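See below for the structure under consideration.
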Amino acid sequence: MFDPIWKLALGLLTGIIFGVLLQKGGVAKSRVIIGQFLLKDWTVLKVMGSAVVVGAVGIYSLLALDWISLHVKPLAWTGIAVGGVLFGIGMAIFGYCPGTSVAACGEGRRDAMVGVLGMLVGAAVYVGLYPSLQPFTESLGNRGEVTLPEVTGTSPWLWIAFLAIVAVVAFFVGHFGSSSGERIVQKEPPDHQSTGNIQTPKHPVKA
Amino acid sequence: MKNPLRNKEWPPYVVGLCIGVLSWFAFATANHPLGITTSFEDGVALIEQLFAPQWAASNEYFTQKTPKISWETMLVVGVFLGAMFSSLASGDRERIVVSAIWEQRFGPSITVRMTAAFLGAGLMMFGARLAQGCTSGHGISGSLQLAASSWLFSILFFGTGVATAILLYGRKGANHV
(Lines give C-alpha, C1' and ligand atoms only; values in the text may rest on other atoms or scores of the structure.)
Protein backbone atom coordinates (compact mmCIF):
# COMPACT_ATOMS: atom_id res chain seq x y z
CA MET A 1 0.00 0.00 0.00
CA PHE A 2 2.99 2.29 0.51
CA ASP A 3 6.20 2.84 -1.41
CA PRO A 4 9.31 2.66 0.80
CA ILE A 5 9.89 5.81 2.80
CA TRP A 6 13.01 6.90 0.87
CA LYS A 7 11.01 6.76 -2.33
CA LEU A 8 8.18 8.79 -0.81
CA ALA A 9 10.69 11.40 0.38
CA LEU A 10 12.28 11.51 -3.06
CA GLY A 11 8.85 12.00 -4.64
CA LEU A 12 8.11 14.86 -2.26
CA LEU A 13 11.44 16.56 -3.03
CA THR A 14 10.95 16.15 -6.79
CA GLY A 15 7.41 17.47 -6.47
CA ILE A 16 8.45 20.55 -4.52
CA ILE A 17 10.97 21.45 -7.24
CA PHE A 18 8.34 20.75 -9.93
CA GLY A 19 5.84 22.97 -8.08
CA VAL A 20 8.29 25.86 -7.79
CA LEU A 21 9.06 25.56 -11.51
CA LEU A 22 5.40 25.47 -12.57
CA GLN A 23 4.65 28.50 -10.38
CA LYS A 24 7.65 30.51 -11.60
CA GLY A 25 6.82 29.55 -15.18
CA GLY A 26 3.44 31.26 -14.84
CA VAL A 27 1.58 28.18 -16.04
CA ALA A 28 -0.40 27.90 -12.79
CA LYS A 29 -2.54 30.80 -14.05
CA SER A 30 -5.63 30.00 -16.09
CA ARG A 31 -5.23 33.12 -18.25
CA VAL A 32 -1.85 31.81 -19.44
CA ILE A 33 -3.32 28.40 -20.33
CA ILE A 34 -6.37 29.91 -22.07
CA GLY A 35 -4.00 32.38 -23.77
CA GLN A 36 -2.09 29.42 -25.18
CA PHE A 37 -5.26 27.73 -26.49
CA LEU A 38 -6.25 31.04 -28.12
CA LEU A 39 -2.75 31.10 -29.67
CA LYS A 40 -1.97 34.43 -28.05
CA ASP A 41 0.42 33.63 -25.19
CA TRP A 42 2.96 30.94 -26.06
CA THR A 43 4.33 30.38 -22.54
CA VAL A 44 2.91 26.85 -22.20
CA LEU A 45 4.49 25.58 -25.43
CA LYS A 46 7.80 27.29 -24.62
CA VAL A 47 7.96 25.55 -21.24
CA MET A 48 6.82 22.16 -22.54
CA GLY A 49 8.91 22.30 -25.71
CA SER A 50 12.16 23.10 -23.95
CA ALA A 51 11.43 20.51 -21.25
CA VAL A 52 10.86 17.83 -23.90
CA VAL A 53 14.04 18.61 -25.87
CA VAL A 54 16.30 18.89 -22.80
CA GLY A 55 14.62 15.88 -21.20
CA ALA A 56 14.97 13.71 -24.31
CA VAL A 57 18.72 14.36 -24.58
CA GLY A 58 19.27 13.33 -20.97
CA ILE A 59 16.91 10.36 -20.91
CA TYR A 60 18.27 8.80 -24.09
CA SER A 61 21.84 9.40 -22.82
CA LEU A 62 21.02 7.71 -19.50
CA LEU A 63 19.35 4.91 -21.46
CA ALA A 64 22.47 4.42 -23.59
CA LEU A 65 24.48 4.14 -20.35
CA ASP A 66 21.96 1.53 -19.11
CA TRP A 67 21.17 3.59 -16.02
CA ILE A 68 17.44 3.76 -16.60
CA SER A 69 14.64 2.07 -18.50
CA LEU A 70 11.94 3.81 -20.50
CA HIS A 71 8.39 4.03 -19.15
CA VAL A 72 6.28 4.31 -22.26
CA LYS A 73 2.46 4.33 -22.10
CA PRO A 74 0.77 1.82 -24.41
CA LEU A 75 -0.72 3.03 -27.67
CA ALA A 76 -4.29 1.80 -27.07
CA TRP A 77 -5.88 3.64 -29.98
CA THR A 78 -9.36 4.34 -28.62
CA GLY A 79 -8.15 5.22 -25.13
CA ILE A 80 -5.55 7.68 -26.40
CA ALA A 81 -7.86 9.24 -29.01
CA VAL A 82 -11.00 9.60 -26.88
CA GLY A 83 -8.97 10.44 -23.79
CA GLY A 84 -6.99 13.12 -25.64
CA VAL A 85 -10.14 14.78 -27.00
CA LEU A 86 -11.98 14.76 -23.64
CA PHE A 87 -8.83 16.02 -21.95
CA GLY A 88 -8.52 18.96 -24.35
CA ILE A 89 -12.19 19.94 -23.95
CA GLY A 90 -12.04 19.67 -20.16
CA MET A 91 -8.75 21.56 -19.90
CA ALA A 92 -10.04 24.46 -22.03
CA ILE A 93 -13.19 24.75 -19.88
CA PHE A 94 -11.32 24.40 -16.59
CA GLY A 95 -8.35 26.57 -17.55
CA TYR A 96 -5.71 24.34 -15.96
CA CYS A 97 -4.18 20.92 -16.55
CA PRO A 98 -3.93 18.41 -13.67
CA GLY A 99 -0.40 19.38 -12.55
CA THR A 100 -0.86 23.12 -12.96
CA SER A 101 -4.19 23.03 -11.10
CA VAL A 102 -2.45 21.49 -8.10
CA ALA A 103 0.20 24.25 -8.37
CA ALA A 104 -2.60 26.83 -8.71
CA CYS A 105 -4.08 25.54 -5.44
CA GLY A 106 -0.71 26.27 -3.86
CA GLU A 107 -0.96 29.76 -5.30
CA GLY A 108 -4.31 30.16 -3.54
CA ARG A 109 -6.63 29.98 -6.54
CA ARG A 110 -10.14 28.99 -5.52
CA ASP A 111 -11.35 27.80 -8.95
CA ALA A 112 -8.43 25.36 -9.08
CA MET A 113 -9.36 23.98 -5.64
CA VAL A 114 -12.91 23.26 -6.82
CA GLY A 115 -11.38 21.70 -9.94
CA VAL A 116 -9.25 19.32 -7.87
CA LEU A 117 -12.48 18.03 -6.27
CA GLY A 118 -13.88 17.60 -9.79
CA MET A 119 -10.75 15.68 -10.78
CA LEU A 120 -11.21 13.30 -7.83
CA VAL A 121 -14.77 12.65 -9.00
CA GLY A 122 -13.56 12.13 -12.58
CA ALA A 123 -11.00 9.59 -11.36
CA ALA A 124 -13.64 7.87 -9.20
CA VAL A 125 -15.95 7.51 -12.21
CA TYR A 126 -13.07 5.97 -14.18
CA VAL A 127 -12.30 3.46 -11.42
CA GLY A 128 -16.02 2.64 -11.05
CA LEU A 129 -16.52 2.05 -14.76
CA TYR A 130 -13.12 0.38 -15.25
CA PRO A 131 -14.45 -3.11 -16.08
CA SER A 132 -16.25 -1.75 -19.17
CA LEU A 133 -13.81 1.09 -19.94
CA GLN A 134 -10.70 -1.10 -20.10
CA PRO A 135 -11.95 -3.17 -23.10
CA PHE A 136 -13.24 0.06 -24.69
CA THR A 137 -9.79 1.70 -24.68
CA GLU A 138 -8.46 -1.28 -26.64
CA SER A 139 -11.48 -1.70 -28.92
CA LEU A 140 -9.45 -0.60 -31.94
CA GLY A 141 -6.37 -2.50 -30.85
CA ASN A 142 -3.37 -1.83 -28.69
CA ARG A 143 -0.06 -1.23 -30.42
CA GLY A 144 1.78 -1.64 -27.11
CA GLU A 145 4.50 0.43 -25.48
CA VAL A 146 6.16 1.70 -28.63
CA THR A 147 8.26 4.76 -29.34
CA LEU A 148 8.36 6.72 -32.59
CA PRO A 149 11.91 5.51 -33.36
CA GLU A 150 10.74 1.90 -32.90
CA VAL A 151 7.66 2.35 -35.09
CA THR A 152 9.69 3.92 -37.89
CA GLY A 153 12.87 1.88 -37.43
CA THR A 154 15.00 4.99 -37.06
CA SER A 155 17.52 6.25 -34.52
CA PRO A 156 16.09 8.19 -31.56
CA TRP A 157 18.89 10.73 -32.02
CA LEU A 158 17.48 11.60 -35.43
CA TRP A 159 14.19 12.53 -33.75
CA ILE A 160 15.92 14.41 -30.96
CA ALA A 161 18.03 16.39 -33.47
CA PHE A 162 14.87 17.21 -35.42
CA LEU A 163 13.04 18.37 -32.28
CA ALA A 164 16.05 20.46 -31.22
CA ILE A 165 16.15 22.18 -34.62
CA VAL A 166 12.39 22.89 -34.47
CA ALA A 167 12.84 24.31 -30.95
CA VAL A 168 15.75 26.56 -31.96
CA VAL A 169 13.90 27.84 -35.04
CA ALA A 170 10.76 28.46 -32.95
CA PHE A 171 12.88 30.32 -30.40
CA PHE A 172 14.31 32.68 -32.99
CA VAL A 173 10.97 33.18 -34.74
CA GLY A 174 9.34 33.90 -31.39
CA HIS A 175 12.03 36.33 -30.36
CA PHE A 176 12.89 38.18 -33.51
CA GLY A 177 10.15 37.25 -35.96
CA SER A 178 7.18 39.01 -34.44
CA SER A 179 6.05 40.60 -31.22
CA SER A 180 3.09 38.24 -30.97
CA GLY A 181 5.29 35.60 -29.38
CA GLU A 182 5.94 37.83 -26.40
CA ARG A 183 4.52 36.93 -23.07
CA ILE A 184 1.65 39.16 -22.07
CA VAL A 185 1.95 39.84 -18.37
CA GLN A 186 -0.16 41.51 -15.76
CA LYS A 187 -3.05 42.29 -18.04
CA GLU A 188 -5.58 40.88 -15.66
CA PRO A 189 -6.52 43.35 -12.95
CA PRO A 190 -6.16 41.94 -9.44
CA ASP A 191 -9.50 40.68 -8.23
CA HIS A 192 -11.56 42.57 -5.72
CA GLN A 193 -11.60 39.91 -3.03
CA SER A 194 -7.86 39.59 -2.77
CA THR A 195 -6.19 40.27 0.52
CA GLY A 196 -4.10 43.08 -0.89
CA ASN A 197 -0.79 41.25 -0.93
CA ILE A 198 -0.71 41.43 -4.73
CA GLN A 199 1.25 44.22 -6.25
CA THR A 200 -0.79 46.50 -8.42
CA PRO A 201 0.20 46.19 -12.06
CA LYS A 202 2.08 49.16 -13.42
CA HIS A 203 -0.18 49.39 -16.41
CA PRO A 204 -3.55 48.00 -15.44
CA VAL A 205 -5.67 47.18 -18.44
CA LYS A 206 -9.40 47.33 -18.23
CA ALA A 207 -10.78 43.95 -19.22
CA MET B 1 22.21 39.05 -5.88
CA LYS B 2 18.49 38.91 -5.38
CA ASN B 3 17.15 35.53 -4.34
CA PRO B 4 15.58 34.14 -7.55
CA LEU B 5 12.73 32.65 -5.50
CA ARG B 6 11.61 36.22 -4.81
CA ASN B 7 11.08 36.84 -8.51
CA LYS B 8 7.49 36.39 -9.61
CA GLU B 9 8.45 34.69 -12.82
CA TRP B 10 11.35 33.05 -14.56
CA PRO B 11 11.80 32.94 -18.35
CA PRO B 12 9.77 30.05 -19.81
CA TYR B 13 12.83 28.51 -21.49
CA VAL B 14 14.71 28.45 -18.17
CA VAL B 15 11.73 26.80 -16.50
CA GLY B 16 11.44 24.27 -19.35
CA LEU B 17 15.15 23.48 -19.18
CA CYS B 18 14.90 22.90 -15.43
CA ILE B 19 11.85 20.63 -15.86
CA GLY B 20 13.83 18.68 -18.46
CA VAL B 21 16.73 18.24 -16.02
CA LEU B 22 14.24 17.38 -13.25
CA SER B 23 12.94 14.56 -15.44
CA TRP B 24 16.50 13.15 -15.65
CA PHE B 25 16.62 13.33 -11.86
CA ALA B 26 13.26 11.56 -11.51
CA PHE B 27 14.32 8.76 -13.87
CA ALA B 28 17.82 8.43 -12.39
CA THR B 29 16.80 8.40 -8.71
CA ALA B 30 13.34 6.80 -8.63
CA ASN B 31 13.20 5.26 -12.12
CA HIS B 32 9.92 7.12 -12.57
CA PRO B 33 8.66 9.69 -15.09
CA LEU B 34 6.99 12.90 -13.90
CA GLY B 35 3.22 12.37 -13.87
CA ILE B 36 0.22 13.53 -11.89
CA THR B 37 -3.03 11.73 -12.63
CA THR B 38 -2.15 8.12 -11.74
CA SER B 39 -1.97 9.20 -8.11
CA PHE B 40 -5.48 10.68 -8.30
CA GLU B 41 -6.71 7.32 -9.59
CA ASP B 42 -4.81 5.48 -6.85
CA GLY B 43 -6.10 7.88 -4.22
CA VAL B 44 -9.79 7.50 -5.03
CA ALA B 45 -9.36 3.75 -5.54
CA LEU B 46 -7.94 3.46 -2.01
CA ILE B 47 -10.82 5.56 -0.64
CA GLU B 48 -13.38 3.42 -2.47
CA GLN B 49 -11.70 0.29 -1.14
CA LEU B 50 -11.79 1.70 2.38
CA PHE B 51 -15.40 2.89 2.43
CA ALA B 52 -17.04 0.40 0.07
CA PRO B 53 -15.00 -2.81 0.44
CA GLN B 54 -17.79 -5.05 -0.86
CA TRP B 55 -18.32 -2.95 -3.93
CA ALA B 56 -14.56 -2.83 -4.50
CA ALA B 57 -14.32 -6.60 -4.24
CA SER B 58 -16.81 -6.92 -7.10
CA ASN B 59 -14.89 -4.46 -9.31
CA GLU B 60 -12.31 -6.07 -11.59
CA TYR B 61 -10.18 -2.95 -11.17
CA PHE B 62 -8.96 -4.16 -7.81
CA THR B 63 -7.96 -7.59 -9.06
CA GLN B 64 -5.91 -6.07 -11.89
CA LYS B 65 -4.33 -3.15 -10.07
CA THR B 66 -2.97 -2.44 -6.61
CA PRO B 67 -3.47 1.23 -5.80
CA LYS B 68 -0.93 2.64 -3.36
CA ILE B 69 0.44 5.75 -1.74
CA SER B 70 3.45 6.10 -4.00
CA TRP B 71 6.31 8.29 -5.16
CA GLU B 72 3.81 9.94 -7.47
CA THR B 73 1.35 10.68 -4.64
CA MET B 74 4.10 12.55 -2.84
CA LEU B 75 5.04 14.27 -6.09
CA VAL B 76 1.53 15.78 -6.21
CA VAL B 77 1.76 16.86 -2.56
CA GLY B 78 5.15 18.37 -3.38
CA VAL B 79 3.80 20.31 -6.36
CA PHE B 80 1.22 21.91 -4.07
CA LEU B 81 3.84 22.76 -1.42
CA GLY B 82 6.43 23.96 -3.95
CA ALA B 83 3.97 26.28 -5.67
CA MET B 84 2.86 27.57 -2.27
CA PHE B 85 6.45 28.30 -1.13
CA SER B 86 7.24 29.90 -4.48
CA SER B 87 4.18 32.15 -4.52
CA LEU B 88 4.65 33.13 -0.86
CA ALA B 89 8.31 33.98 -1.49
CA SER B 90 7.44 36.28 -4.39
CA GLY B 91 4.04 37.54 -3.21
CA ASP B 92 2.49 36.21 -6.41
CA ARG B 93 -0.69 35.03 -4.74
CA GLU B 94 -4.09 35.39 -6.32
CA ARG B 95 -7.35 34.07 -5.00
CA ILE B 96 -9.06 34.76 -8.29
CA VAL B 97 -12.31 32.86 -8.55
CA VAL B 98 -13.58 34.33 -11.82
CA SER B 99 -10.80 35.40 -14.18
CA ALA B 100 -11.14 38.51 -16.35
CA ILE B 101 -11.42 36.54 -19.57
CA TRP B 102 -14.10 34.27 -18.09
CA GLU B 103 -16.05 37.24 -16.72
CA GLN B 104 -16.17 39.16 -20.01
CA ARG B 105 -17.67 36.09 -21.68
CA PHE B 106 -19.77 34.33 -19.04
CA GLY B 107 -20.40 37.05 -16.46
CA PRO B 108 -19.23 37.45 -12.86
CA SER B 109 -21.27 34.59 -11.36
CA ILE B 110 -19.09 32.54 -9.01
CA THR B 111 -21.55 29.62 -9.16
CA VAL B 112 -21.30 29.41 -12.96
CA ARG B 113 -17.49 29.52 -12.91
CA MET B 114 -17.19 26.98 -10.09
CA THR B 115 -19.64 24.59 -11.75
CA ALA B 116 -17.74 24.84 -15.04
CA ALA B 117 -14.39 24.33 -13.25
CA PHE B 118 -15.73 21.26 -11.41
CA LEU B 119 -17.22 19.65 -14.53
CA GLY B 120 -14.36 20.64 -16.84
CA ALA B 121 -11.78 19.30 -14.41
CA GLY B 122 -13.74 16.06 -13.96
CA LEU B 123 -13.98 15.54 -17.71
CA MET B 124 -10.27 16.31 -18.07
CA MET B 125 -9.30 13.75 -15.42
CA PHE B 126 -11.59 11.12 -16.93
CA GLY B 127 -9.91 11.68 -20.31
CA ALA B 128 -6.47 11.52 -18.71
CA ARG B 129 -7.22 8.14 -17.16
CA LEU B 130 -8.64 6.74 -20.41
CA ALA B 131 -5.39 7.78 -22.09
CA GLN B 132 -3.24 6.83 -19.05
CA GLY B 133 -1.59 10.24 -18.80
CA CYS B 134 -1.92 14.01 -18.76
CA THR B 135 0.07 17.09 -19.72
CA SER B 136 2.88 15.85 -17.48
CA GLY B 137 2.71 12.09 -17.99
CA HIS B 138 2.11 12.21 -21.74
CA GLY B 139 2.83 15.82 -22.74
CA ILE B 140 6.24 16.11 -21.10
CA SER B 141 7.42 12.72 -19.82
CA GLY B 142 5.97 10.66 -22.67
CA SER B 143 6.95 13.07 -25.42
CA LEU B 144 10.55 13.27 -24.20
CA GLN B 145 10.74 9.47 -24.34
CA LEU B 146 9.45 9.81 -27.92
CA ALA B 147 6.48 7.58 -27.01
CA ALA B 148 4.08 7.17 -29.95
CA SER B 149 1.04 7.25 -27.62
CA SER B 150 2.17 10.50 -26.02
CA TRP B 151 2.74 12.38 -29.27
CA LEU B 152 -0.70 11.33 -30.51
CA PHE B 153 -2.28 12.34 -27.18
CA SER B 154 -0.46 15.70 -27.12
CA ILE B 155 -1.46 16.65 -30.66
CA LEU B 156 -5.09 15.65 -30.01
CA PHE B 157 -5.48 17.44 -26.69
CA PHE B 158 -3.79 20.58 -27.96
CA GLY B 159 -5.91 20.71 -31.12
CA THR B 160 -9.11 20.04 -29.18
CA GLY B 161 -8.13 22.60 -26.57
CA VAL B 162 -7.62 25.27 -29.23
CA ALA B 163 -10.95 24.45 -30.88
CA THR B 164 -12.80 24.45 -27.54
CA ALA B 165 -11.23 27.73 -26.40
CA ILE B 166 -12.14 29.44 -29.68
CA LEU B 167 -15.71 28.09 -29.41
CA LEU B 168 -15.95 29.27 -25.80
CA TYR B 169 -14.30 32.66 -26.11
CA GLY B 170 -14.40 33.46 -29.81
CA ARG B 171 -11.49 34.81 -31.80
CA LYS B 172 -11.92 38.12 -30.03
CA GLY B 173 -11.46 36.44 -26.67
CA ALA B 174 -7.71 36.66 -27.21
CA ASN B 175 -7.97 40.43 -26.71
CA HIS B 176 -8.85 39.77 -23.10
CA VAL B 177 -6.02 37.38 -22.30
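The values are calculated or read from the model by the stated rules, or taken from the named source; none is laboratory data. As the structure is a computational prediction, the values presented were derived from the model and not from experiment. Neighbour counts run over all protein chains shown; Cβ positions are idealised from the backbone, glycine included. In case anyone asks, the SASA skips ligands and DNA or RNA and just uses the protein heavy atoms, side chains included. Shrake-Rupley method; radii C 1.70, N 1.55, O 1.52, S 1.80 Å.
Is it the case that A:PRO131 is open to solvent by 40 Å² or more (accessible area, probe 1.4 Å) and more than 7 Å from every other protein chain (Cβ to nearest Cβ)?
Working: open to solvent by 40 Å² or more (accessible area, probe 1.4 Å): yes; more than 7 Å from every other protein chain (Cβ to nearest Cβ): no.
No: the conditions fail for A:PRO131.
Anything in the stretch A:134-166 that is of a type in the set (Phe, Trp, Tyr) and more than 10 Å from chain B (Cβ to nearest Cβ)? List them, or say none.
Result: A:TRP157, A:PHE162.
Quick one: which helices (runs of 4 or more DSSP H) sit completely within the stretch B:17-125 and have at least 2 residues that are closer than 26 Å to B:PHE153 by Cα and among the aliphatic types (A, V, I, L, M)? First the steps, then the outcome.
Values: elements: B:37-51, B:53-57, B:61-64, B:71-90, B:100-106.
Hits in the stretch B:17-125: B:37-51, B:71-90.
Taking the stated definitions as given, is B:THR29 of a type in the set (Val, Ile, Thr) and touching a residue at least 60 places away in the same chain (Cβ under 8 Å)?
Numbers: of a type in the set (Val, Ile, Thr): yes; touching a residue at least 60 places away in the same chain (Cβ under 8 Å): no.
Spelling it out, it is not the case that B:THR29 is of a type in the set (Val, Ile, Thr) and touching a residue at least 60 places away in the same chain (Cβ under 8 Å).
Tell me, please, whether a residue that is among the polar types (S, T, N, Q), under 25 Å from the mean Cα position of the chain (by Cα) and modelled with pLDDT under 95 can be found in the stretch A:186-194.
Filtering the stretch A:186-194 down to residues among the polar types (S, T, N, Q) leaves A:186, A:193-194.
Of the ones still in play, those that are also under 25 Å from the mean Cα position of the chain (by Cα) are A:186.
Narrowing further to those that are modelled with pLDDT under 95: A:186.
Checking the stretch A:186-194: at least one residue is among the polar types (S, T, N, Q), under 25 Å from the mean Cα position of the chain (by Cα) and modelled with pLDDT under 95.
Among the numbered criteria (1) closer than 19 Å to A:CYS97 by Cβ; (2) surrounded by fewer than 20 Cβ atoms within 10 Å (Cβ to Cβ), which one does B:LEU17 miss?
Unmet condition: (1).
Taking the criterion of being out of contact with any strand residue (DSSP E or B) (no Cβ under 6 Å at 6 or more places or on another chain), more than 30 Å from A:VAL54 (Cβ to Cβ) and modelled with pLDDT of 90 or more, would at least one residue in the stretch A:141-150 satisfy it? Even if it seems obvious, please write down each step before you answer.
As a first pass, look at the stretch A:141-150 and keep what is out of contact with any strand residue (DSSP E or B) (no Cβ under 6 Å at 6 or more places or on another chain): A:141, A:143-146, A:148-150.
Restricting the remaining residues to those that are more than 30 Å from A:VAL54 (Cβ to Cβ) gives A:141.
Of the ones still in play, those that are also modelled with pLDDT of 90 or more are A:141.
Checked against the condition, which is being out of contact with any strand residue (DSSP E or B) (no Cβ under 6 Å at 6 or more places or on another chain), more than 30 Å from A:VAL54 (Cβ to Cβ) and modelled with pLDDT of 90 or more, the stretch A:141-150 yields at least one hit.
Take B:THR29 and decide whether it is of a type in the set (S, T, N, Q) and over 19 Å from the mean Cα position of the chain (by Cα).
Values: of a type in the set (S, T, N, Q): yes; over 19 Å from the mean Cα position of the chain (by Cα): yes.
When the stated conditions are applied, B:THR29 passes them.
With open to solvent by 10 Å² or more (accessible area, probe 1.4 Å) and either polar (S, T, N, Q) or out of contact with any Leu (no Cβ under 6 Å at 6 or more places or on another chain) (or both) as the only criterion, which of B:THR115, B:THR37 stands out?
Working: B:THR37 fails: open to solvent by 10 Å² or more (accessible area, probe 1.4 Å).
Result of the check over B:THR115, B:THR37: B:THR115.
Among the candidates A:TYR96, A:TYR60, single out the residue that is among the aromatic types (Phe, Trp, Tyr) and assigned to a helix (DSSP H, G or I).
Step by step, each of A:TYR96, A:TYR60 is checked, and only A:TYR60 is among the aromatic types (Phe, Trp, Tyr) and assigned to a helix (DSSP H, G or I).
Among A:LEU65, A:LEU75, which is the only one that is at the interface with chain B (Cβ under 7 Å from one of its Cβ atoms) and either under 21 Å from the mean Cα position of the chain (by Cα) or surrounded by fewer than 24 Cβ atoms within 10 Å (Cβ to Cβ) (or both)? Write out each step before concluding.
Details: A:LEU65 fails: at the interface with chain B (Cβ under 7 Å from one of its Cβ atoms).
Only one candidate passes the filter, namely A:LEU75.
Report whether or not B:SER149 is within 7 Å of another protein chain (Cβ to nearest Cβ), open to solvent by less than 10 Å² (accessible area, probe 1.4 Å) and among the polar types (S, T, N, Q).
Details: within 7 Å of another protein chain (Cβ to nearest Cβ): yes; open to solvent by less than 10 Å² (accessible area, probe 1.4 Å): yes; among the polar types (S, T, N, Q): yes.
In short, yes.
Residue-by-condition table, conditions (1) touching a Lys or Arg at 6+ places or on another chain (Cβ under 9 Å); (2) touching a residue at least 12 places away in the same chain (Cβ under 8 Å):
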| position | (1), (2) |
| --- | --- |
| B:THR135 | no, yes |
| B:GLY139 | no, yes |
| B:SER149 | yes, yes |
| B:PHE153 | yes, yes |
| B:LEU156 | no, no |
| B:GLY161 | no, no |
| B:TYR169 | yes, yes |
| B:LYS172 | no, no |
| B:VAL177 | yes, yes |
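Given B:ILE36, B:ILE69, which one is over 18 Å from A:ILE5 (Cα atoms), facing chain A (nearest Cβ under 7 Å) and in contact (Cβ under 8 Å) with a residue 24 or more places away in the chain? Explain how you work it out, then say what you get.
Values: B:ILE69 fails: over 18 Å from A:ILE5 (Cα atoms).
One residue alone meets the criteria, B:ILE36.
Where residues in the stretch A:1-53 are more than 7 Å from chain B (Cβ to nearest Cβ) and not in a helix (DSSP H, G or I), which of them is farthest from the chain's Cα centre (by Cα)?
A:PRO4
Quick test of your reading of the structure: A:ALA112 fulfils all but one of (1) crowded, with 19+ Cβ neighbours inside 10 Å; (2) within 7 Å of another protein chain (Cβ to nearest Cβ); (3) in contact with a Ser or Thr (Cβ under 9 Å, 6 or more places away or on another chain). Name the failing condition by number.
Evaluating A:ALA112 over (1) crowded, with 19+ Cβ neighbours inside 10 Å; (2) within 7 Å of another protein chain (Cβ to nearest Cβ); (3) in contact with a Ser or Thr (Cβ under 9 Å, 6 or more places away or on another chain) leaves (2) as the failure.
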